[in-house]
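Colleague: Sharing a structure below in structure tokens format, with a few things to ask.
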Amino acid sequence: MPVGLYLLFLLFGFTCHLASAFTFRYSSWFGERVGALISFLLRNTLGIPIWALGYYLAARVPSARLFPAMLVSTTLAWMLIIVGGVLILVALTAIRVRAARPTIHDSLVSWGIYGHIRHPIYLGTSFELIGLWLLFPITPVLTACFLGIIWILLQTWLEELDLLQRHPGYREYMQAVPRFIPRLR
């Protein structure tokens with residue numbers, strides 16, 4: 001396997017996943033049903049599986065560990081992965097089908113975890129990426145996780161532009177609810 005192959009999978013997967021940030025545009029160009037289908041297919045059948053494969057391939061690249069495996073780093077890694085997974089599951093429970101198949105008629109979810117942070121799925125994914133790097137502390141995984149964090153920042157920015165077009169109240173929601181880090185009250 002070529003050493004940089006994982007990068008191709010990551011970048012292609014991230015690019016396909018960005019489709020969810022263009023739901024309004026696809027629906028304007030192709031109609032609501034086709035636009036939602038394009039977002040669904042690009043993100044869920046290409047994007048997520050392909051970037052996940054990219055992470056798997058990054059972990060399989062023969063490379064020296066950047067630090068030795070220790071109980072502290074392994075425990076912290078699993079804690080971050082579990083907390084990230086719980087955040088993702090709680091968020092998916094709140095937004096249900098909107099997560100898999102966004103449409104221009106989705107209602108804005110601003111309760112539950114979404115009443116505290118706007119992007120809990122991406123925050124959870126960030127925790128999982130950091131945990132993944134702690135479990136596999138090699139340069140390819142570090143590179144993949146760094147690219148993943150950059151992609152999350154780009155994805156949230158583009159998604160918010162899309163949500164501003166799809167939801168009249170999204171601007172007020174953005175002002176009231178922080179993007180990633182909840183406010184201490």
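The values are calculated or read from the model by the stated rules, or taken from the named source; none is laboratory data. Since the structure is predicted, the reported quantities are computational estimates derived from the model, not experimental observations. Note that each Cβ is placed from the backbone with ideal geometry, even for glycine, and that neighbours are counted across all protein chains shown.
Colleague: Tell me yes or no: at least one residue of the range 73-83 is out of contact with any helix residue (DSSP H, G or I) (no Cβ under 6 Å at 6 or more places or on another chain), small (Gly, Ala, Ser) and farther than 27 Å from Arg25 by Cβ.
Modeller: The answer is no; no qualifying residue exists.
Colleague: Under the condition of being modelled with pLDDT under 90 and of a type in the set (A, V, I, L, M, F, W, C), which residue from the range 82-109 is surrounded by the fewest Cβ atoms within 10 Å (Cβ to Cβ)? I'd like the intermediate steps shown before the answer.
Modeller: Filtering the range 82-109 for residues modelled with pLDDT under 90 gives 95-109.
Narrowing the set further to residues that are of a type in the set (A, V, I, L, M, F, W, C) leaves 95, 97, 99-100, 104, 108-109.
Values: Ile95: 19, Val97: 10, Ala99: 18, Ala100: 13, Ile104: 16, Leu108: 16, Val109: 18.
In this case the residue turns out to be Val97.
Colleague: Same structure again: Considering only residues of the range 1-33 that are touching a residue at least 40 places away in the same chain (Cβ under 8 Å) and not in a helix (DSSP H, G or I), which is nearest to Leu142 (Cα to Cα)?
Modeller: Checking each candidate, the answer is Val3.
Colleague: I want to confirm something. Restricting to the range 14-33 and keeping residues that are over 12 Å from Gln155 (Cα atoms) and either basic (Lys, Arg) or in contact with a Pro (Cβ under 8 Å, 6 or more places away or on another chain) (or both), which single residue is modelled with the lowest pLDDT? I'd like the intermediate steps shown before the answer.
Modeller: If we filter the range 14-33 for residues that are over 12 Å from Gln155 (Cα atoms), which is where we start, we get 23-33.
Now restrict to residues that are either basic (Lys, Arg) or in contact with a Pro (Cβ under 8 Å, 6 or more places away or on another chain) (or both): 23, 25, 33.
Numbers: Thr23: 84, Arg25: 89, Arg33: 87.
Filtering first and then ranking leaves Thr23.
Colleague: Can you go through Leu37, Leu41 and tell me which one is in contact with a helix residue (DSSP H, G or I) (Cβ under 9 Å, 6 or more places away or on another chain), under 21 Å from Trp151 (Cα atoms), assigned to a helix (DSSP H, G or I) and hydrophobic (A, V, I, L, M, F, W, C)?
Modeller: Working: Leu37 fails: under 21 Å from Trp151 (Cα atoms).
Being in contact with a helix residue (DSSP H, G or I) (Cβ under 9 Å, 6 or more places away or on another chain), under 21 Å from Trp151 (Cα atoms), assigned to a helix (DSSP H, G or I) and hydrophobic (A, V, I, L, M, F, W, C) holds for just one of Leu37, Leu41, which is Leu41.
Colleague: For Gly112, all conditions in the list (1) over 19 Å from Tyr55 (Cβ atoms); (2) touching a residue at least 24 places away in the same chain (Cβ under 8 Å); (3) surrounded by fewer than 17 Cβ atoms within 10 Å (Cβ to Cβ); (4) of a type in the set (Gly, Ala, Ser) hold save one; what is the number of the exception?
Modeller: Condition not satisfied by Gly112: (2).
Colleague: Something else: Before we move on, is Leu87 of a type outside the set (Ser, Thr, Tyr), part of a helix (DSSP H, G or I) and farther than 30 Å from Tyr173 by Cα? Let's see the steps before the verdict.
Modeller: On the way: of a type outside the set (Ser, Thr, Tyr): yes; part of a helix (DSSP H, G or I): yes; farther than 30 Å from Tyr173 by Cα: no.
When the stated conditions are applied, Leu87 does not pass them.
Colleague: Within the range 128-149, take every residue that is within 20 Å of Ile82 (Cβ to Cβ) and small (Gly, Ala, Ser) and give me the one that is farthest from the chain's Cα centre (by Cα). Can you show your working first?
Modeller: First pass over the range 128-149, keeping only residues within 20 Å of Ile82 (Cβ to Cβ): 128-137, 141, 145, 148-149.
Of the ones still in play, those that are also small (Gly, Ala, Ser) are 131, 148.
Values: Gly131: 15, Gly148: 8 Å.
Looking at the filtered set, the residue picked out is Gly131.
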